[in-house]
1. Regarding the range 104-116, can at least one residue be identified that is in contact with a strand residue (DSSP E or B) (Cβ under 7 Å, 6 or more places away or on another chain), in the same structural domain as ASP401 (by TED's automatic domain parsing), part of a loop (DSSP other than H, G, I, E, B) and modelled with pLDDT of 95 or more?
2. Which one of these does ILE313 not meet: (1) open to solvent by 30 Å² or more (accessible area, probe 1.4 Å); (2) part of a helix (DSSP H, G or I)?
3. Among the residues of the range 253-260, are any in the same structural domain as HIS334 (by TED's automatic domain parsing) and either under 20 Å from PHE155 (Cα atoms) or under 21 Å from the mean Cα position of the chain (by Cα) (or both)?
4. With the structure loaded, tell me whether THR106 is within 14 Å of GLY412 (Cα to Cα) and of a type outside the set (D, E, K, R) or whether it fails that test.
5. Which one is most open to solvent (accessible area, probe 1.4 Å) among residues in the range 340-358 that are part of a loop (DSSP other than H, G, I, E, B) and within 16 Å of ligand 3 (Cβ to nearest atom)?
6. Considering the range 324-339 alone, what residues qualify as being within 13 Å of ligand 3 (Cβ to nearest atom) and open to solvent by 50 Å² or more (accessible area, probe 1.4 Å)?
7. Among helices (runs of 4 or more DSSP H) lying entirely in the range 360-446, which contain 2 or more residues that are open to solvent by less than 10 Å² (accessible area, probe 1.4 Å) and farther than 18 Å from ASN319 by Cα?
Amino acid sequence: MRKFQPYIYHKSMKMKAGKLLLLLLCLKAFSYAVIATPQTCPAKDGTACGDSDDWKGEFFPGIPKIKYEGLSSKNPLAFKWYNAEEEILGKKMKDWFRFSVAFWHTFRGTGSDPFGAPTKYWPWEDGTNSLAMAKRRMRANFEFIDKLGVDWWCFHDRDIAPDGNTLEEANANLDEVVALAKELQGKKKVLWGTAQLFMHPRYMHGAATSSELGVYAYAAAQVKKAMEVTHYLGGENYVFWGGREGYQSLLNTDMERELNHLARFFEAAVAYKKKIGFKGTLLIEPKPQEPTKHQYDWDAATTSNFLRKYGLIGEFKLNIECNHATLSGHSCHHELETARINGLLGNIDANTGDPQVGWDTDQFLVDIQEATMIMLSVIKNGGIAPGGFNFDAKLRRESTDVEDLFIAHIFGMDTMARGLRNAAKLIENGSLAELVRKRYQSFDTELGALVEAGKADFEMLEKKAKEWGELKVASAKQELAEMILQSVL
Ligand code: XLS
Ligand code: NI
Ligand code: NI
């Protein structure tokens, strides 16, 4: 069923080689944005698609509602660890996670990369970016999340509806698709919505940090609309990921001015949120680089500092993405803890990178140890609501079966569920907490209390230091801590 039709036509054989190469490179760069290869829309299994968004029958025929079958199951289309209704530490598993499907990866990911054309040809795709196609995809989305047993979904404005020649046209397209989503949504909910402010060439210098006032204004209009539709769909959060809010060179950049603009943009978003009565949380998603060399929302600490400097700390929380954490040289656990201790842990974009590859590979997170540490932070945070776990993750380019979409999400959910079960075991067992408590016990004293209360001055401490003389400093017991962690995996 896989037809590959070359979509680059060279009309003139006389074209100079250099020009041709340039053209090829440009077209390649665009292949991510424009799904240029015609895709098939076969009429098989009683399904059919044409110019309308009517799709007869199921999008995922033969795939049942995914059930929990437990550890003895060998069925790839069943949960072995994730049992939605089961209570762990007093909360249902589904409420710990609030799993969400990312529309852009699951329904717009084509498998194209900077070197290659799309590899995925979902049966319902017809190769266009038409409104009819957008609506058909939306129907597929709701069947997918329903069969997967997930209650939430996330989207960018431009993933779910085609852009337009004007802002008015783009907004009208969005309204039409959003009206359908509202109708289809039923009990499913939007975890967060966002505006795509990085794909269009107008955003090449950034959106809120663009050197062009016109672009700043356009971005504001786009966010205004995206906030309105997120609110209309009952969204619980709204995300800002600064896709191109950063710089490529400091030589041509006024960083201070750009950061001031970014803060003004966020202030305006807060004001608009209040104006329309949107009660959801505003989230900023840190990422150190890619696509720009340096992005302003580098990591959780940088972003917290930005929010504090501009007096925005009470208005925003953070959406921590695990692959972004490792790109910034931290672990996901580090980023979650940094957000948590600043009172800013709002949502998790659950994915992972490849240790041998240095970019945002957006793989499904399937490392049990990492999942366990993530859940330790989430438990300490008392959960993540009104945020959740959004699978900002995509199939590998070479995974091309429709069922792979299910398998990847099931495996991701099972891994997080294992992490939760392990973290609960660690907490119930208590020896890790005891190790940490003992490590700091010298502060559980009269002088320690004075230090922690800010009442121990240098003279007082010098007197004690002289009195105590040279000290025997205790072991950190790192290997023992690691042994305890591994005992629950
Ligand atoms: C890209 C980001 C993006 C945001 C939403 O790296 O993860 O997908 O989550 O714009
Ligand atoms: Ni993300
Ligand atoms: Ni990302």
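The values are calculated or read from the model by the stated rules, or taken from the named source; none is laboratory data. Because the structure is a prediction, the values reported are computed rather than measured. Counting neighbours? That spans all protein chains shown, and the Cβs are built from the backbone with ideal geometry, glycine included. All accessible areas refer to the heavy atoms of the entire protein, side chains included, with ligands and DNA or RNA removed. Shrake-Rupley method; radii C 1.70, N 1.55, O 1.52, S 1.80 Å.
1. Quick first cut of the range 104-116, residues in contact with a strand residue (DSSP E or B) (Cβ under 7 Å, 6 or more places away or on another chain) only: 104.
Those left that are additionally in the same structural domain as ASP401 (by TED's automatic domain parsing): 104.
Adding the requirement that they be part of a loop (DSSP other than H, G, I, E, B) leaves none.
No - not one qualifying residue is present in the range 104-116.
2. (2)
3. Going residue by residue through the range 253-260, those that are in the same structural domain as HIS334 (by TED's automatic domain parsing) are 253-260.
Next cut, either under 20 Å from PHE155 (Cα atoms) or under 21 Å from the mean Cα position of the chain (by Cα) (or both) only: none.
No: the range 253-260 contains no residue that is in the same structural domain as HIS334 (by TED's automatic domain parsing) and either under 20 Å from PHE155 (Cα atoms) or under 21 Å from the mean Cα position of the chain (by Cα) (or both).
4. Details: within 14 Å of GLY412 (Cα to Cα): yes; of a type outside the set (D, E, K, R): yes.
Yes, satisfied.
5. To start, the set of residues in the range 340-358 that are part of a loop (DSSP other than H, G, I, E, B) comprises 342-344, 350-351, 353-358.
From the residues that got through so far, the ones that are within 16 Å of ligand 3 (Cβ to nearest atom) too are 350-351, 353-354, 357-358.
Values: ALA350: 2, ASN351: 0, GLY353: 18, ASP354: 48, VAL357: 47, GLY358: 67 Å².
Only one residue fits best here, namely GLY358.
6. First, the residues of the range 324-339 that are within 13 Å of ligand 3 (Cβ to nearest atom): 324-328, 332, 335.
Of everything in the range 324-339, just one residue is within 13 Å of ligand 3 (Cβ to nearest atom) and open to solvent by 50 Å² or more (accessible area, probe 1.4 Å), namely THR326.
7. Details: elements: 368-380, 402-429, 431-439.
Of the helices (runs of 4 or more DSSP H) lying wholly inside the range 360-446, those with at least 2 residues that are open to solvent by less than 10 Å² (accessible area, probe 1.4 Å) and farther than 18 Å from ASN319 by Cα span 402-429.
To keep it simple, each residue is scored yes or no on (1) closer than 25 Å to TYR232 by Cα; (2) open to solvent by 10 Å² or more (accessible area, probe 1.4 Å); (3) out of contact with any Gly (no Cβ under 8 Å at 6 or more places or on another chain).
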position: GLY127; (1), (2), (3): no, yes, yes
position: ARG139; (1), (2), (3): yes, yes, yes
position: LEU148; (1), (2), (3): yes, no, yes
position: GLY206; (1), (2), (3): no, no, no
